[in-house]
Amino acid sequence: MKKEFAVIGLGRFGGSICRELSREGMQVIALDIDEQKVSEYRDIAAHTVMADSTDENVLRELGLRNIDHVIVAIGDNIQASMLTTLILKELGIKTVTVKAQNDYHEKILNRIGADHVIHPERDMGKRIAHHIISNNILDYIELSDDHSVVEVKAGRKMKNQTLIDLDIRANYGCNVVAIKRNKDVIVSPKANEKIEETDILIVIGSDKDISRFEKNLVADN
Ligand code: ATP
C-alpha cells in the first residue's frame, strides 16, 4: 500500500518535500492557507486543501488520523507552526516532522511532542561550510549535537596506505565505516585494506575528532 503523507505549508521547503514525495509515488495531501500556493500543487499532489492549519476543526475533518506522517513547513509564523503541531499530536498523528526557525522554536516543538525537528537552513549551512574547507569533503551529516558522518575523497595523503598505516581510529578517534570504490561499497573495511586515491571514505566520529581528521588528512589534499 502507498504511504500517505500530508505537507502543511507549501513554501520552498514544504513545496520541495511535496514534489519529491509525489514524484516517488506517495499519496500526498498538500495544505496551505494561500490559494495561489495551493493551486500550484493541484497537478502535483494527490489532494490539495486550502485551509488554516491552526483551525482544529479543519484538521479533524480532513481525516488526517490515517496519515502516516505529517510535515509542518510553516516558517515565519512560529505561533501557527506550534499550534498546528500541537493539534496534530492531539489528533493522534503518529509522526510529525516540523521545520524550526530557531533554537527557541525547536525547544517548544520538542516540548509539545514534535517527533522530529529540522533546521534545513542551519544544516545546509554546516554542510556547505565543510565542503568549503576542502573540495574533498563531499558531504557532512549531523548525527547529534556532537557527532557526525562525513564523506571524503581519499586524495593523495591517504593514497596507497592501509587503514592500519593511517591508524585513523587511534590517531583521530574516528572510524572508517565504508569505502566507496567505483561502483562498489566496501562495508566495514578490513585494517589491511589499501586505499586508492579516488576512493570515497565514509567516516563517523565526534565533531572534534572529525575536524582533526579533516585538517590533517583531507584538507588541501
Ligand atoms: P520557505 O523558506 O520554505 O519558502 P518560509 O520558512 O519562509 O518558507 P513561510 O513562507 O512563512 O515559510 O511559510 C511557508 C508556507 O506556509 C507559506 O506558503 C504560507 O502560506 C503557509 N502558511 C503559513 N501559515 C499557515 C497556516 N496557518 N496554515 C496553512 N499554511 C500556512
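The values are calculated or read from the model by the stated rules, or taken from the named source; none is laboratory data. All values reported here derive from a predicted model rather than from experimental measurement. Please note: Cβ atoms are built from the backbone with ideal geometry, for glycine as well, and neighbour counts cover all protein chains shown. With ligands, DNA and RNA removed, areas are computed over all heavy atoms of the protein, side chains included. Shrake-Rupley method; radii C 1.70, N 1.55, O 1.52, S 1.80 Å.
Any residue in region 59-68 that is at pLDDT 95 or above, open to solvent by 10 Å² or more (accessible area, probe 1.4 Å) and within 26 Å of residue 3 (Cβ to Cβ)? If you could, list the steps in order and put the result at the bottom.
To start, the set of residues in region 59-68 that are at pLDDT 95 or above comprises none.
The answer is no; no qualifying residue exists.
When the residues of region 156-167 are filtered to those that are out of contact with any Leu (no Cβ under 8 Å at 6 or more places or on another chain) and not β-branched (Val, Ile, Thr), which remaining residue is least open to solvent (accessible area, probe 1.4 Å)?
163
On the given criteria, is residue 170 open to solvent by less than 60 Å² (accessible area, probe 1.4 Å) and assigned to a helix (DSSP H, G or I)?
Against the criterion (open to solvent by less than 60 Å² (accessible area, probe 1.4 Å) and assigned to a helix (DSSP H, G or I)), residue 170 does not qualify.
Under 19 Å from residue 105 (Cβ atoms), open to solvent by 40 Å² or more (accessible area, probe 1.4 Å), near the ligand (Cβ under 7 Å from one of its atoms) and part of a loop (DSSP other than H, G, I, E, B) - does that describe any residue in region 4-27?
Looking for residues that are under 19 Å from residue 105 (Cβ atoms), open to solvent by 40 Å² or more (accessible area, probe 1.4 Å), near the ligand (Cβ under 7 Å from one of its atoms) and part of a loop (DSSP other than H, G, I, E, B), one finds none in region 4-27, hence no.
List the number of the failed condition for residue 96; all other conditions in (1) among the aliphatic types (A, V, I, L, M); (2) assigned to a strand (DSSP E or B); (3) not assigned by TED's automatic domain parsing to the domain that holds residue 73 hold.
Single failed check for residue 96: (3).
Condition first: within 14 Å of the ligand (Cβ to nearest atom), aromatic (Phe, Trp, Tyr) and open to solvent by less than 50 Å² (accessible area, probe 1.4 Å). Can you find one or more residues in region 33-45 that meet it? Quick ask: steps written out before the conclusion?
Narrowing region 33-45 to residues within 14 Å of the ligand (Cβ to nearest atom): 33-41, 45.
Within this subset, residues satisfying the condition of being aromatic (Phe, Trp, Tyr) are 41.
Applying the additional criterion that residues be open to solvent by less than 50 Å² (accessible area, probe 1.4 Å) yields 41.
Checking region 33-45: at least one residue is within 14 Å of the ligand (Cβ to nearest atom), aromatic (Phe, Trp, Tyr) and open to solvent by less than 50 Å² (accessible area, probe 1.4 Å).
So which of 84, 95 ends up being of a type in the set (Val, Ile, Thr), out of contact with any Gly (no Cβ under 6 Å at 6 or more places or on another chain), within 11 Å of the ligand (Cβ to nearest atom) and open to solvent by less than 60 Å² (accessible area, probe 1.4 Å)?
84
What pairs come out if I take residues in region 63-81 that are in contact (Cβ under 8 Å) with a residue 12 or more places away in the chain and among the aromatic types (Phe, Trp, Tyr) and pair them with residues that are open to solvent by 40 Å² or more (accessible area, probe 1.4 Å) and more than 8 Å from the ligand (Cβ to nearest atom) whose C-beta lies under 7 Å away, six or more apart or interchain?
So the pair list comes out empty.
In region 98-130, what residues are open to solvent by 40 Å² or more (accessible area, probe 1.4 Å) and touching a helix residue (DSSP H, G or I) at 6+ places or on another chain (Cβ under 7 Å)?
101, 108, 112
If I ask for residues that are outside any strand (DSSP E or B), β-branched (Val, Ile, Thr) and under 16 Å from the mean Cα position of the chain (by Cα), which ones from region 99-133 would you list?
So in region 99-133, the residues outside any strand (DSSP E or B) come out as 100-115, 119-133.
Narrowing the set further to residues that are β-branched (Val, Ile, Thr) leaves 108, 112, 128, 132-133.
Of everything in region 99-133, just one residue is outside any strand (DSSP E or B), β-branched (Val, Ile, Thr) and under 16 Å from the mean Cα position of the chain (by Cα), namely 128.
In region 72-81, is there at least one residue being in a strand (DSSP E or B), under 14 Å from residue 7 (Cβ atoms) and in contact with a strand residue (DSSP E or B) (Cβ under 6 Å, 6 or more places away or on another chain)?
The answer is yes; a qualifying residue exists.
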